[in-house]
Amino acid sequence: MLDLTGKNAFVTGIANNRSIAWGIAQQLHKAGANLGVNYLPDEKGRYEKKVKQLVEPLNPDLILPCDVQDDALMEEMFKAIADKWGKLDILIHCLAFADKEYLMGDYSSVPRDAFNKSLDISAYSLTHFARLAKPLMPEGGSIVTLSYIGGVKVMPNYNVMGVAKSALEMSVRYLASELGPQNVRVNGISAGPIRTLASSAVGGILDMIRQMEEVAPLRRTVTQEEVGNTAAFLCSDLASGITGQIIYVDAGYEIMG
Ligand code: NAD
Ligand code: IMJ
């Protein structure tokens, strides 16, 4: 039933084999999609090497550098997608960043530059992606981003990232409204805590996971594979009537009072 054969899917945000984006890429590949991915360029080329090795078994058509704060690289990435594929069907936005020192302590301590940087990378980038993807999706497509409950409710230490996720989730709705007439659907997945590079680097993640296991209806956390399956569903014709939504993949945690 879930068939993405012949669809061109670009997945952003793979850093290593724990990345949620890696879980998504694997499920899109399994469903038959052609893949393209990005890596975050750095001086030592560490991500480049790691991402290239990791994705090799999925035979990606494209492996491109992209730092969402670099407008020229963003343009080049979408130019390369257009040159290779002509049209884009699926775009996965699976990245976020805030300076680590502001993912703890008092929210009000965040200075303007750290606030702007976090919202730029974690929220504005989706809008920028949508603008560049729009001409490549003239007959429809699916854009999916990743969020966290900390964008809706106060969660310990999430701080400026919570404000960024709130902006991200509202961007999903405005973009869904704008792109709906050309049959482009835009949705978010709000995932429960998963151990990744981005979550393991923050204090209290293990407590958060333990609390999930006690409180969530399913009495467990969720996996990259489960998030990947939901992303594949949202990108497929099975979800043709769904746009502008944030779907919780969190073992039910969000419903609990
Ligand atoms: P991760 O560290 O594997 O992925 C984060 C990615 O962001 C990395 O690939 C990194 O290269 C990329 N990135 C950071 N700055 C960038 C920039 N300037 N330009 C381009 N890419 C940049 O961690 P993850 O947990 O897989 O995070 C992926 C997404 O999932 C994020 O949006 C995160 O907020 C969200 N999320 C994570 C959890 C969790 O518990 N892990 C829960 C809910 C939502
Ligand atoms: C992040 C911070 C505080 C609490 C947190 C998280 N909880 C969870 C996360 C409870 C689950 C992970 N998450 C949902 C994120 O969106 C993480 C974003 C992030 C993580 C880092 C760590 C390393 C760094 N900058 C980061 N920027 C964003 O330097």
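Every condition in (1) surrounded by fewer than 20 Cβ atoms within 10 Å (Cβ to Cβ); (2) assigned to a strand (DSSP E or B) holds for SER142 except the one numbered (1). Can you pull out the residues in the range 178-196 that are in a loop (DSSP other than H, G, I, E, B) and among the aliphatic types (A, V, I, L, M)? Listed by number, the list holds a single entry, ILE194. The lone criterion from (1) without any contact (Cβ under 8 Å) to a residue 60 or more places away in the chain; (2) surrounded by 18 or more Cβ atoms within 10 Å (Cβ to Cβ); (3) within 16 Å of ligand 2 (Cβ to nearest atom) left unmet by VAL68 is number (1). Taking the criterion of being in a loop (DSSP other than H, G, I, E, B), of a type outside the set (Ser, Thr, Tyr) and under 14 Å from the mean Cα position of the chain (by Cα), would at least one residue in the range 217-240 satisfy it? No; the residues of the range 217-240 include none that is in a loop (DSSP other than H, G, I, E, B), of a type outside the set (Ser, Thr, Tyr) and under 14 Å from the mean Cα position of the chain (by Cα). The criterion of being of a type outside the set (Asp, Glu), touching a residue at least 60 places away in the same chain (Cβ under 8 Å), part of a helix (DSSP H, G or I) and buried (at least 17 other Cβ atoms within 10 Å of the Cβ) does not hold for PHE78.
Quick one: in the range 81-113, which of the residues that are within 16 Å of ligand 2 (Cβ to nearest atom) and acidic (Asp, Glu) is surrounded by the most Cβ atoms within 10 Å (Cβ to Cβ)? Across the range 81-113, the extreme among qualifying residues is ASP99.
Inside the range 178-225, residues that are of a type in the set (A, V, I, L, M), under 14 Å from GLY23 (Cβ atoms) and more than 10 Å from ligand 2 (Cβ to nearest atom) make up a count of 2.
Every number here is computed from the coordinates shown, using simple stated rules; none is lab data. Predicted, not measured: the structure shown is a model, and the values here were computed from it. Note that each Cβ is placed from the backbone with ideal geometry, even for glycine, and that neighbours are counted across all protein chains shown.
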